[in-house]
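K.L.:
Input: one structure, supplied below.
The values are calculated or read from the model by the stated rules, or taken from the named source; none is laboratory data. Keep in mind that what you see is a predicted model, and the values were worked out from it rather than measured. Note that each Cβ is placed from the backbone with ideal geometry, even for glycine, and that neighbours are counted across all protein chains shown.
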């Protein structure tokens, strides 16, 4: 591999790593991602989830099960779903940066192929 090509790919890789670090540590981007995750969590939790009983259940037991269901949806599920949503957004953003990295390398290689070879 020619030295110039190797240096350029190394520079692209450095830029990619710098972008990922900024993505994960810049307070403004972290705050934006947190807000996006909150909207995603609200959207997910607003969906209606239904369950049904296979046998007839008395009224007291149904009320207890409904209380457990409400507690899970309001207290236990939001932090778990929020963590999943934030991780999903990080992975999507890192994926976009990785695709940009690959595109930069391919564009550079295409430019190298278009340049005439110097016989000297």
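K.L.:
Taking residue 99 as meeting all but one of (1) surrounded by fewer than 11 Cβ atoms within 10 Å (Cβ to Cβ); (2) part of a helix (DSSP H, G or I); (3) modelled with pLDDT under 85, write down the number of the exception.
P.N.:
The one condition residue 99 does not meet is (3).
K.L.:
Then there's this: Tell me which of these residue 86 doesn't satisfy, since it passes every other one: (1) part of a helix (DSSP H, G or I); (2) over 30 Å from residue 112 (Cβ atoms); (3) at pLDDT below 90.
P.N.:
It is condition (3) that residue 86 fails.
K.L.:
Just checking, does segment 18-36 include any residue being at negative phi, surrounded by 10 or more Cβ atoms within 10 Å (Cβ to Cβ) and more than 17 Å from the chain's Cα centre (by Cα)?
P.N.:
Checking segment 18-36: at least one residue is at negative phi, surrounded by 10 or more Cβ atoms within 10 Å (Cβ to Cβ) and more than 17 Å from the chain's Cα centre (by Cα).
K.L.:
With loosely packed, with under 10 Cβ neighbours inside 10 Å and over 30 Å from residue 2 (Cα atoms) as the only criterion, which of 93, 47 stands out?
P.N.:
On inspection, the qualifying residue turns out to be 47.
K.L.:
Then there is this: Mind checking which residues of segment 51-67 are under 20 Å from residue 80 (Cβ atoms) and loosely packed, with under 10 Cβ neighbours inside 10 Å?
P.N.:
Within segment 51-67, just 51 meets the criteria.
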